[in-house]
Structures are given as C-alpha cells and as structure tokens.
C-alpha cells in the first residue's frame, strides 16, 4: 500500500504565518530554514547597498531581498534568494504582479549558512540557472570566497583580493570581495 503525500501549492505557501523561519517550496515540498545569522547578513546587506544605486538611474532596476520567485507550477517551486536583482526588462515584465514573482531574477545571491547542505545549495543554483538567471553569486562567509555561476560556464571562485562584476546584467557595477565581508 502506497501513501501519496499531499504536495503544497504556492498559494498555500503564501498563507503560512510569518515567524522565525523562512520557507521555500521545492516541487511541492515545503523547506523550512532558520532566519539568517549575523555572518550571513553582512554580505547580503553589502550586496544590497552596492546594487541600490543602480535602481535610481533613468532605467529603474529592483534590488530585492528574501522575495519569492515562482519557478514552476504543478508541482509548485518557489525559491527566495538572499538578494535578487531585476533588470529594467524584468521589472516591466513583473509590473502589477500580486503574489510571488513568476520566473527568476537576472542576478541571484545565495549566502551559505551553517545549516545549508551542499546538495541543497547545488540544487538551488541549478534551478536558478536552468530557469534563466544570468549569474548566481554564492557567498561562503566561513571561507570569505564567492563562487560565480553562469549558464554553460565553469564556476569561478573569487577570493578577498578579487572583484565581483556582472557587466552584462548590471553595467558599470563592481564590488570588491573584501568589501563584501566588511562589517563596518
């Protein structure tokens, strides 16, 4: 005798009470994660501050944090990167959306937490890239490195003396890896 577990929908996910945990939905299965700790919050915050100036130029962009993006339906997948960047084109596409943003951000930042499992992080990166994210920065606060993932390209690991760029996504933007981990 087999028992089929009921899969959760994105609508059901959106009605969960907000609290001390974050939730994602992966192929209908709820994933619950603890809120970020200080070592994870620093690089996410520094990413946000470095990208914010690109929101206010003549072509508006959006820099979002912990917002759900619906990647698939039936079964539903809703992921929430630590930081997301939407280009002017994507911003126009999602104008007027209520609920989770359909599709993916142009740029996603994932900060590895002490509770993250390697295979889960790899699965998340693969999903962002498969659905059209142009660049995924994976920040490892324990090692002070950033892994840069792009579709069809080898992963590039950047250390404290390197600089992050994504000219094709955010023209003119750069951030020294060292500044990413700066607590001041």
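Being surrounded by 13 or more Cβ atoms within 10 Å (Cβ to Cβ), outside any loop (DSSP other than H, G, I, E, B) and touching a helix residue (DSSP H, G or I) at 6+ places or on another chain (Cβ under 8 Å) is the requirement here; does residue 63 meet it? Full working, then the answer.
Values: surrounded by 13 or more Cβ atoms within 10 Å (Cβ to Cβ): yes; outside any loop (DSSP other than H, G, I, E, B): yes; touching a helix residue (DSSP H, G or I) at 6+ places or on another chain (Cβ under 8 Å): yes.
Answer is yes for this residue.
Take the residues in the stretch 76-93 that are under 13 Å from the mean Cα position of the chain (by Cα) and touching a residue at least 40 places away in the same chain (Cβ under 8 Å); name whichever of them is surrounded by the fewest Cβ atoms within 10 Å (Cβ to Cβ).
Selected residue: 80.
Output yes when any residue across the stretch 33-46 is at pLDDT 85 or above, part of a strand (DSSP E or B) and surrounded by 11 or more Cβ atoms within 10 Å (Cβ to Cβ), and no when none is.
Yes: the stretch 33-46 contains one or more residues that are at pLDDT 85 or above, part of a strand (DSSP E or B) and surrounded by 11 or more Cβ atoms within 10 Å (Cβ to Cβ).
Which number in (1) surrounded by 12 or more Cβ atoms within 10 Å (Cβ to Cβ); (2) modelled with pLDDT under 95 marks the one condition that residue 96 misses?
Going through the list (1) surrounded by 12 or more Cβ atoms within 10 Å (Cβ to Cβ); (2) modelled with pLDDT under 95, residue 96 breaks only (1).
Yes or no, residue by residue, for (1) surrounded by 17 or more Cβ atoms within 10 Å (Cβ to Cβ); (2) more than 20 Å from residue 23 (Cβ to Cβ); (3) without any contact (Cβ under 8 Å) to a residue 40 or more places away in the chain:
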| position | (1), (2), (3) |
| --- | --- |
| 106 | yes, yes, no |
| 111 | yes, no, no |
| 117 | no, no, yes |
| 124 | yes, no, no |
| 129 | yes, yes, yes |
| 134 | yes, yes, yes |
| 150 | no, yes, yes |
| 154 | no, yes, yes |
| 164 | yes, yes, yes |
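The values are calculated or read from the model by the stated rules, or taken from the named source; none is laboratory data. No experiment lies behind these values; they were computed from the predicted model shown. Methodologically, a virtual Cβ is constructed for each residue, glycine included, from the backbone with ideal geometry; neighbour enumeration extends over all protein chains shown.
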